[in-house]
Each structure stands twice: as structure tokens, then as C-alpha cells.
Amino acid sequence: MGLLMDLLYTNKTGKLAMTALDVYAQKALLVTSNIANVETPGYKEVSLKPFEKALKEAYKPAIGMTKTHKGHMGGANTLKNFQPEVVISKEPGRLDGNNVNLDRVMTEMTDNSMMYNAVITAAKKRGMIISSSIESK
């Protein structure tokens, strides 16, 4: 099982999937925190700065550059250090200072759950392909 795990998670695609899963899990925690504090006076909604573009940039190596340092070319090394940015909403809130919009947060939770499940499904399919190619040899 060690070889299969190495094949699944040590190359750039595997690291991208693992990083995406970590980020979606972190986003889920923030969303549930917002839901839990919907009635807390003065609570400000927290979220992750849109990270899909930053994640793509971390995955993509720089083109036409000379590698003088192990972190200069992006890709897997950059993914290892990728951290999404947490932001506090500056939207105006209710009279009690709380600015959580429950409808929007519930939609965000649904979207995040669908993306998390899509990455899990893709990782499973990738694992099945790699596993079947190992077994057929």
C-alpha cells in the first residue's frame, strides 16, 4: 500500500488534491462558525479570501525562469507552503453589530461541500486508475 500512497500523494496532482481538501475543510470550519454565531451580538462573519486562483498559481510552475532556489519554480514546493487568507467581513450588520447573512452562508456551505466531494471523487478515480495499472502489470 505504500507505493500506491506515494503515487497518489507525492506528485503535483496529488499534492494539489490534498491541499484543496485541507482548504475546503478549513473553509467548512469557518462557515460553521458563522452559522453558530448568527445570533451573537457584535460577531463579524469570517471567510477565506477566494483561494481557487491562488491555488492554481501555487500549482503552476513559472515558465522561462532559471531555478536558482528550490522554491523558485512553484509547483509542489509552493503547494506545501500554501496557506489561504482568512478575512473578516466589513459588510454592515444588524443593529447588534452582527453581520452574518444566514442565506448566503448556507449557500456557501453547500457550494463548499460540493467542491470538497468533487475533489474526493476525483482522488478516488485517480486512485482506481493507478491501482488498476499496477495490478495489470
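Which residues, counting only those in segment 27-50, are of a type in the set (K, R), under 16 Å from K90 (Cα atoms) and in contact with a Pro (Cβ under 9 Å, 6 or more places away or on another chain)?
Matches in segment 27-50: K49 only.
Among the residues of segment 87-95, is there at least one that is more than 25 Å from G14 (Cα to Cα), more than 13 Å from the chain's Cα centre (by Cα) and small (G, A, S)?
Yes: one or more hits.
With the requirement that a residue be out of contact with any helix residue (DSSP H, G or I) (no Cβ under 9 Å at 6 or more places or on another chain) and either surrounded by 13 or more Cβ atoms within 10 Å (Cβ to Cβ) or aliphatic (A, V, I, L, M) (or both), what does segment 112-137 give you?
Selection gives M114, A118, M128, I129.
Give me the pairs: first residue in segment 109-137 and within 20 Å of A25 (Cβ to Cβ), second residue aromatic (F, W, Y) and surrounded by 10 or more Cβ atoms within 10 Å (Cβ to Cβ), beta-carbon distance under 6 Å, and six or more apart or on different chains, which are they?
Pairs that qualify, where the first residue is within 20 Å of A25 (Cβ to Cβ) and the partner is aromatic (F, W, Y) and surrounded by 10 or more Cβ atoms within 10 Å (Cβ to Cβ), are N112/Y24; M115/Y24; Y116/Y24.
Whether any residue in segment 27-47 is of a type in the set (D, E), in a loop (DSSP other than H, G, I, E, B) and either surrounded by fewer than 16 Cβ atoms within 10 Å (Cβ to Cβ) or at pLDDT below 60 (or both) is what I want to check.
yes
Would you point out the residue of segment 2-26, among those that are polar (S, T, N, Q) and surrounded by fewer than 17 Cβ atoms within 10 Å (Cβ to Cβ), that is modelled with the lowest pLDDT? Write out each step before concluding.
Here is the first cut: in segment 2-26, the ones polar (S, T, N, Q) are 10-11, 13, 19, 26.
Filter once more, so that each one left must be surrounded by fewer than 17 Cβ atoms within 10 Å (Cβ to Cβ): 10-11, 13, 26.
Working: T10: 63, N11: 67, T13: 75, Q26: 93.
If we take residues in segment 2-26 being polar (S, T, N, Q) and surrounded by fewer than 17 Cβ atoms within 10 Å (Cβ to Cβ), then T10 is modelled with the lowest pLDDT.
Give the residue that is nearest to A17 (Cα to Cα), with candidates limited to residues of segment 79-123 that are modelled with pLDDT under 85 and not hydrophobic (A, V, I, L, M, F, W, C).
Once the filter is applied, the top-ranked residue is K80.
The values are calculated or read from the model by the stated rules, or taken from the named source; none is laboratory data. Please read all numbers here as calculations on a predicted model, not as lab measurements. Counting neighbours? That spans all protein chains shown, and the Cβs are built from the backbone with ideal geometry, glycine included.
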